[in-house]
Each structure stands twice: as C-alpha cells, then as structure tokens.
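Below: one structure in structure tokens.
The values are calculated or read from the model by the stated rules, or taken from the named source; none is laboratory data. Quantities reported herein were computed from a predicted structural model and do not represent experimental measurements. Glycine also receives a Cβ, built like all others from the backbone with ideal geometry; neighbour counts cover every protein chain displayed. Each accessible area value is taken on the protein alone, full model and side chains, heavy atoms only, with ligands, DNA and RNA left out. Shrake-Rupley method; radii C 1.70, N 1.55, O 1.52, S 1.80 Å.
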Amino acid sequence: MSAWSGPVLALVLGWAGWRWLHRLPGSPPPAVLIPLLGVGGVGAWVLLLESVGLPATPLTQGVPVVLFAAASLAAPRSNTTTAGRPGVWAIAATCAAIPSAILAAGRPAAGWDFRYLWGLKAAVFAGAGHHDPSWLAWPAHAFAHPDYPPMWSDLIATSIRFGADPAAAAAAWQAPLVFALAASCWHAARGAPAGLRAAAAAAGAWAPVVTLPVHGGYAEPLLAFLVAAALASLPAMLRGETGGVLAAAAATAALALTKNEGMALAAGVALAAAISGARRRAWPVGAALVVAVLAWRTFMWSHGIEGEAIAIDGGRIAPRLPDAPAAVAQVLSLPLVLIALAWALVIVALALCAAPATLAIPAVWLVAAVLVYLTTPNDLAWHLRWSLDRVLAAPLPGFIALALGSAWSPHRAAPPAPGKRPGAAPSA
C-alpha cells in the first residue's frame, strides 16, 4: 500500500484546497479541481522545500498536508446549490474509465524512458530528499535528461519515500490520473450532447499514451490530464471568472513543471489569457508560468545542470528543412496518420467555433515542437520515430473534448460581448 501514499496525499491536499476554492465563480467541478490542486500542490511543496533547504521526507510532506486539511474544515460552506444526481451518460463515462484505471494500477511501469529517466530520477530524488544537483550535473547522467522539469519524478519520489518501489509507485499514480483525465475531458466538452461528452471522457481514459504498456511509467498521462484540466478551465478563464483563472493558473504552473512540451503548452495558455478580453483579470496565469519556469531554471543554472545541445540556430535549421519531408515519410504509420487527421479536425473546429484566443495554445505548442525537431542534435528520422506519436497524442484528448464542446455550443467559449449586462453569456 505504500505505493498509494503519494496519490492519497495529493488527493487529501487537493480536497483541502477545493474546500477553500470551489465557491469561486467558474471553478471546475471537484473531479477536476481536486486532482489538479493535489498534483500541483505536491510539486510546488517539493520546490518550496528545495528552496529553503529542507529535505523532503514523509514528515515534511505529510504533516503540512494533514494540518492544511484540518484547517480547511473551517472553510465556510458554499451558498450555491449542490449538483443533482449524475446522469446516465456521466455514469457510463465513469464505468468506461474504471477498467483503464485498474489496468494502469496493476501494471508496474517498465517503459524504457521510465527506467532510465523518470523512475531513475525519482529514486535519486527520494534517496537524497531533494533534487540532487551533484547527480544531475554529472555529465555521465546526461542520458537521464537532467534538465527535464521534475514534476513527474517528484510525484513518484513522494511514494518512494514511504517505502514504495518506483515501478509500483508510478503505476499507482497513473490510476487516479485516468479518472482525472476522463473527468477533465467530460468538463471540457460541456455544451456538447451528453453522449459525446461521455465519448470524450472515454477517449481520454483509453488514450494510447495511457494504455499502451510501452509507455508505462511515462509522464504523458500527467501531461494529458494537466492539458485537459487547463482546457476545462479555459472558457471561464477567458471570461475572467476568478475560479476559472485560478484553476488555469494552477494547470499552467504544473504544465510548465512537466516535460518541455508542457512548458510550450503552458506558454500557449498564458498567451491565450494575455490576448483574451479578460486579460486584466487573467494575469495570474502568466504569473504562474513565469514563477514555475524560473523556479526550475534558476535551480539548473545555479548548479550548472545542462540539457541537450538544442538551440534555435538558423545554421542548424536550414540544412534540415530539405530533409524534413523524407524524415516524416519514413515514420508514417496508420496511427500517426489518424492522430494527424484528428488534430486537423480539432484545429478546424476551434477556428470556426471557439474564442480566437483559444488557438494560441495549439499554435505555440506546434511551433515549439517543430523548432525542437529541426534543431535536434540527433538524427531527425530517429528522433521522430521514437517521440512524434507521443508528442502529438498526449494533448489530443483534451483538445478533442474542447473542440466538441465548442462546435456544439460556440457561445460558451467566448467572453460576453461589450455592453452586455453581466451574466448575459451562459455560464459554463
């Protein structure tokens, strides 16, 4: 049971935060907000302990959560009416997610990147009680990508500190992420018919990056959930509703600390907030991005930790451009074509039906991905073969859900028109 100590700690922390924040207008439902606050809270607390020089231990991580949860009992009760019973489609979506969660929990992580990247660093972090800079800065450990944001390894390390095996800890973390991803997709698709919302939730729960054993223990399920949670909060954020802004800010900070692709997606969410009609109220989203990126990058710079030799260098891009089509053709497969087709449909739906600021998120992410591939020091075809499917597939469930919701109810994604009385636009 020690493998479940980390997820339970995060859910308790998320529940405590939800008791304080769920009354705010635009807040996501508890199935989205609790895991979002829990995951982000655990990651933020580890970084805080790092910054003040305290080791992360079961006591320094567990006791503050218990105290915060006890204090949350004093939170005033909500004046809003409680939601009614879940409909048949919501129950169907939950039932569809259960087998995927069971499979994730019962399958110890064994993916290549898990063994030599996420799980390895988690074991090092757990043993040292912090992000061991001497280990990360040693050139012989460059294969473990020491520059990668630490959120996923930090979550796994939380369970390892309670005595869990890294592979079992990662599996235990992925099980609640399945439900959180499904719930976020359900909420992001609001406005669509209930049957389509259930289909979006099931698609998230059974996404290849979640279910394929070859990806076992990878950070993609966490990334997929955080993207979907950010998109579930997006309409309320674009309207400047406090709960939606704070939820989007939490998702943005967590994304920036989860993989380099997460930083690109977080930058897209921050840009969407900056160019929206509610930008004066959505500034916490940009602030969350800046704080999260600086927190990890400052740690790297201060300890001499280096990453891959990737730079936006025109001298490297120019020779790659003529070879790029052939490299892409070498890795084409039916799943990759289907993923690309799904993305094309998503972009069309968002362009036609969603608020214009919404397109900033996939645009920033796509530009960043293209630049990384064109500047990689590795062979381009090799790099595409081993990563392109995961890079494209991880954010897709949340965007499919948002596209469905936008296509069926475009007015929900847009802020109220100037001059309309408050509340004229339907609430999300």
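Does residue 18 satisfy the condition of being over 18 Å from residue 231 (Cα atoms), open to solvent by less than 60 Å² (accessible area, probe 1.4 Å), assigned to a helix (DSSP H, G or I) and aromatic (Phe, Trp, Tyr)? Write out each step before concluding.
Details: over 18 Å from residue 231 (Cα atoms): yes; open to solvent by less than 60 Å² (accessible area, probe 1.4 Å): yes; assigned to a helix (DSSP H, G or I): yes; aromatic (Phe, Trp, Tyr): yes.
For residue 18, the condition - over 18 Å from residue 231 (Cα atoms), open to solvent by less than 60 Å² (accessible area, probe 1.4 Å), assigned to a helix (DSSP H, G or I) and aromatic (Phe, Trp, Tyr) - is met.
Given (1) assigned to a helix (DSSP H, G or I); (2) open to solvent by 50 Å² or more (accessible area, probe 1.4 Å), where does residue 317 come up short, assuming only one miss?
Residue 317 satisfies every listed condition except (2).
Could you pull out the residue among 354, 340 that is within 22 Å of residue 248 (Cα to Cα) and either in contact with a helix residue (DSSP H, G or I) (Cβ under 9 Å, 6 or more places away or on another chain) or open to solvent by less than 20 Å² (accessible area, probe 1.4 Å) (or both)?
Numbers: 340 fails: within 22 Å of residue 248 (Cα to Cα).
Result of the check over 354, 340: 354.
Among the residues of region 370-422 satisfying the criterion of being at pLDDT below 50, open to solvent by 60 Å² or more (accessible area, probe 1.4 Å) and over 23 Å from the mean Cα position of the chain (by Cα), which is farthest from residue 199 (Cα to Cα)?
419
Scan 134, 100 and give me the residue that is over 25 Å from residue 216 (Cβ atoms), among the polar types (S, T, N, Q) and either part of a helix (DSSP H, G or I) or under 22 Å from the mean Cα position of the chain (by Cα) (or both).
Being over 25 Å from residue 216 (Cβ atoms), among the polar types (S, T, N, Q) and either part of a helix (DSSP H, G or I) or under 22 Å from the mean Cα position of the chain (by Cα) (or both) holds for just one of 134, 100, which is 134.
One line per residue, one yes/no per condition, for (1) under 30 Å from residue 240 (Cα atoms); (2) outside any helix (DSSP H, G or I); (3) out of contact with any Cys (no Cβ under 7 Å at 6 or more places or on another chain):
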{"position": "3", "(1), (2), (3)": "no, no, yes"}
{"position": "27", "(1), (2), (3)": "yes, yes, yes"}
{"position": "48", "(1), (2), (3)": "yes, no, yes"}
{"position": "68", "(1), (2), (3)": "yes, no, yes"}
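Is there a residue in region 321-335 that is under 23 Å from residue 398 (Cα atoms), assigned to a helix (DSSP H, G or I) and at pLDDT 90 or above?
Scanning region 321-335, I find at least one residue that is under 23 Å from residue 398 (Cα atoms), assigned to a helix (DSSP H, G or I) and at pLDDT 90 or above, so the answer is yes.
Return the only residue of 202, 157, 172 being more than 12 Å from the chain's Cα centre (by Cα) and open to solvent by 10 Å² or more (accessible area, probe 1.4 Å).
Sole residue among the options that is more than 12 Å from the chain's Cα centre (by Cα) and open to solvent by 10 Å² or more (accessible area, probe 1.4 Å): 202.
Conditions tested, residue by residue: (1) at pLDDT below 90; (2) closer than 22 Å to residue 359 by Cβ; (3) outside any helix (DSSP H, G or I); (4) in contact with a Cys (Cβ under 7 Å, 6 or more places away or on another chain).
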| position | (1), (2), (3), (4) |
| --- | --- |
| 262 | no, yes, no, no |
| 278 | yes, yes, yes, no |
| 281 | no, yes, yes, no |
| 284 | no, yes, no, no |
| 287 | no, no, no, no |
| 294 | no, no, no, no |
| 307 | yes, no, yes, no |
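To continue, here is another question. Which residue pairs have Cβ atoms closer than 9 Å, lie 6 or more positions apart in sequence or on different chains, and pair a first residue in region 125-151 that is open to solvent by less than 20 Å² (accessible area, probe 1.4 Å) and at pLDDT 95 or above with a second residue that is of a type in the set (Asp, Glu) and assigned to a helix (DSSP H, G or I)?
Close Cβ pairs (under 9 Å, with a partner that is of a type in the set (Asp, Glu) and assigned to a helix (DSSP H, G or I)) amount to 125/154; 131/50; 131/154.
Another question about this same structure. Condition test on residue 43, is it in contact with a Leu (Cβ under 6 Å, 6 or more places away or on another chain), surrounded by 13 or more Cβ atoms within 10 Å (Cβ to Cβ) and in a helix (DSSP H, G or I)? Can you show your working first?
Numbers: in contact with a Leu (Cβ under 6 Å, 6 or more places away or on another chain): yes; surrounded by 13 or more Cβ atoms within 10 Å (Cβ to Cβ): yes; in a helix (DSSP H, G or I): yes.
Judged against the criteria, residue 43 is a match.
Are any residues in region 50-66 part of a helix (DSSP H, G or I), more than 23 Å from residue 176 (Cβ to Cβ) and open to solvent by 50 Å² or more (accessible area, probe 1.4 Å), and if so, which ones?
Of everything in region 50-66, those that are part of a helix (DSSP H, G or I), more than 23 Å from residue 176 (Cβ to Cβ) and open to solvent by 50 Å² or more (accessible area, probe 1.4 Å) turn out to be 51, 52, 59.
If you check 219, 224, 194, which single one turns out to be out of contact with any Cys (no Cβ under 6 Å at 6 or more places or on another chain), over 18 Å from residue 100 (Cβ atoms) and among the hydrophobic types (A, V, I, L, M, F, W, C)?
Step by step, each of 219, 224, 194 is checked, and only 194 is out of contact with any Cys (no Cβ under 6 Å at 6 or more places or on another chain), over 18 Å from residue 100 (Cβ atoms) and among the hydrophobic types (A, V, I, L, M, F, W, C).
Scan region 346-399 for residues that are in a helix (DSSP H, G or I) and among the charged types (D, E, K, R) and jot them down.
Selection gives 385, 389, 390.
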